[in-house]
Amino acid sequence: MIKKMREMAPMIMIVIIVAFVGGTLFLDWGMNIMGQGRKTPVGKIDGKDIPIEYFDKLVNMERFRLQEGGREVPPMQYRQIPAQVWNQEVNRALIDKVIKTMRLETTDHEVFEYLKRNPLPGLDTAFVFMTEGRFDTSKYVQWLNTPQTYSMYPWMTEVEKQISGQVMPGQKLDALLKAGVFVSRAETAYEFAQRSDMASFEYYRVQSSDHRNDSAVITDKMISDYYAANQNRFRRDEQADLYFVRIPKTATENDLEFNRGSLLELKRKILAGESTFEDEAKFESDDEGSAQNDGDLGWFGKGAMVPEFEAAAFALKPGEISDPVRTFFGYHIIKLEERSEPDSATGEFRVRARHILVKDKPSDETLGALSDNVERVKMAMTNKGAVAGTAEEAPGALDSTGLFKRGDMPPKIGYLSGAGVFAFSRKAGEISDVLDNSEAFYVLGLKEKAKKGLQPLSAVRDLIVDAIRDTLAMKEAKAYAATVLEKVRNGATLQEIRDSDSKIVTGLVEDQTPGGYIPQLGAASKTAAVAFNLPEGAVSGLVADKLGYGFVRTIKRNEPVSFDPVNNPQARQAADMIRMQGMQSAYGEWFRELYGSAKVVSNLEKFYLD
């Protein structure tokens, strides 16, 4: 076995190292850096500095992982990576501290049993461990039991360290937390009632939005009084407002024709036998999802694809390849693999096809010309100011973001690397270098900075007017709902109310559980809960929520089902479910307390503005 592994599996082992322990080995290396007195901390965890040099390597490693295989990472997800890595680092440090404090030790036997039950990624598919095409546990265990394994593959010792020091202690901690979960009979009975109790009731609602007054009724005194009473609402962090010129990276007609020609050349090569459709799809297609499957889109029927693509695919015979087809995604060539038999009921059939996509991307020549253009705009803005310079080189192209906070993405721009750093490190009037993302080139100018503190009344006046209008609307909705309530208590029927006033939202709910979804009310609504606490025929008082006021009249209460977890399968299911929920929340509640008692200081915003 060892001889076979030496001869045939070194590359498999390298892949496994990267997949399984690459991150943890890197983590240990980083911790050594932390111990060498490096400065510039990105934060502190219980008094221990986290150097930016070490942390930035973790961030870049996570970025590399997400972009592996040429995957495109959405800008918002890319921007959130530093915060996610920071949270992971805090979690790891706090859990490690608890594990050491509680002395959750792991024996060699436990580590061995863990490795037996959980083969490392890649080992369960390595052919040296296969017998008749299936993973052979006895071969794998023999390999684990052989001392030479650990001298040939020293990374296995690192794997054991991670399992012994982090993985298994973490599992023991999780088990201890879950073992302490106790679910009372009352909690279980409540969950069961939420599923089994039923009632029928009428509901009546008055929406505050239907009673919003014109802002003319709001006086200056009302505005100033609201401002004085709610100043904490109007305190802000430092903010910036950017001028920007955006020049899109748009493909020209020549670029599109070039893309079409490149697909015609691929088709020629495939038909000439110089290549295969599958190989070209894997390496040339801009559709990352299907490229991993050699361009295979699977089976699909009519209506599943955009019209142009569908028409071309369904017109092909099995084995045929289309000419380039234009859709809003770009140009495609399509190969039809199979066509199903017509459906006996509808007569429609489905097809299985592959495609190669070339997106509408500009050529290097076009990007060069656009880059030269934006450089001219930048020079004009630098020499004459943002407004005058843009008017000269790009009339009508100047826009501004409006004020935004440090750490937020600039409005109207979105994710743009370098924009946040520029906005909060430069002075008003300065012009940026040319920046770009996948969609456009940008030149920025710092229009204005607003200091941290209480915003002036003039800046928040419109917000205050809206808030006062909402408050007045709720008062009017309450008064209006009270008049409707009086009518119902005096004998008016649901239909009479519905026919006489279109502003009243009404409905009849039959055999509804407390937590169920009700149109107009939502799931587990306060109004529905009131109905379950009224006797049959009774009308409730007014019930308030964020959108207005309402009330209910209970028509029928079903006889509650007896809670008997011994003999009633539904009761047992409710008991199992609430215990599972309790176990799942135990760790979260415990960790929130742990985090709250720890001293965690983050300086992320100083280093990762974009």
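Listed by first and then second residue, the pairs with beta-carbon distance under 9 Å, at least 6 apart or on different chains, first residue in segment 174-192 and within 20 Å of Leu594 (Cα to Cα), second open to solvent by less than 30 Å² (accessible area, probe 1.4 Å), are Asp174/Ala586; Leu176/Leu104; Leu177/Ala586; Lys178/Gly582; Lys178/Ala586; Gly180/Ala586; Val181/Gly582; Val181/Ala586. Taking the numbered list (1) modelled with pLDDT of 90 or more; (2) outside any strand (DSSP E or B); (3) in contact with a helix residue (DSSP H, G or I) (Cβ under 6 Å, 6 or more places away or on another chain) in turn, Ala574 passes all entries but (1).
Tally time: how many residues in segment 372-396 are modelled with pLDDT of 95 or more and open to solvent by less than 60 Å² (accessible area, probe 1.4 Å)? Summing the residues that are modelled with pLDDT of 95 or more and open to solvent by less than 60 Å² (accessible area, probe 1.4 Å) in segment 372-396 gives 11.
With respect to (1) within 30 Å of Pro411 (Cα to Cα); (2) of a type in the set (Lys, Arg); (3) crowded, with 16+ Cβ neighbours inside 10 Å, the lone exception for Arg557 is condition (1).
Within segment 508-521, the residues that satisfy the criterion of being surrounded by fewer than 17 Cβ atoms within 10 Å (Cβ to Cβ) and modelled with pLDDT of 85 or more are Leu508, Glu510, Asp511.
Which residue out of Thr188, Thr149 is part of a helix (DSSP H, G or I) and modelled with pLDDT of 80 or more?
Thr149
If a residue has to be open to solvent by 70 Å² or more (accessible area, probe 1.4 Å), over 30 Å from Gly368 (Cβ atoms) and over 32 Å from the mean Cα position of the chain (by Cα) to count, how many in segment 242-300 make the cut? The qualifying residues number 3. Residues of segment 441-487 that are small (Gly, Ala, Ser) and either over 32 Å from the mean Cα position of the chain (by Cα) or closer than 24 Å to Asn213 by Cβ (or both): Ser458, Ala459, Ala467, Ala473, Ala477, Ala479, Ala481, Ala482. Restricted to segment 404-509, the set of helices (runs of 4 or more DSSP H) holding at least 3 residues that are polar (S, T, N, Q) and free of Cβ contacts under 8 Å to residues at least 40 places away in the same chain comprises 457-489.
Cβ-Cβ distances below 8 Å connect the following pairs, each with a first residue in segment 128-139 that is closer than 13 Å to Arg117 by Cα and at pLDDT 85 or above, a second residue that is open to solvent by less than 70 Å² (accessible area, probe 1.4 Å) and assigned to a loop (DSSP other than H, G, I, E, B), and a separation of six or more residues or different chains: Phe135/Pro119. When segment 214-223 is filtered for residues that are of a type outside the set (A, V, I, L, M) and under 40 Å from the mean Cα position of the chain (by Cα), the ones remaining, listed by number, are Asp214, Ser215.
The values are calculated or read from the model by the stated rules, or taken from the named source; none is laboratory data. What you are looking at is a predicted structure, and each value in this text was computed from that prediction instead of being measured. Cβ atoms come from the backbone with ideal geometry, glycine included; neighbour counts cover every protein chain shown. Keep in mind that these areas ignore ligands, DNA and RNA; they rest on the heavy atoms of the full protein, side chains included. Shrake-Rupley method; radii C 1.70, N 1.55, O 1.52, S 1.80 Å.
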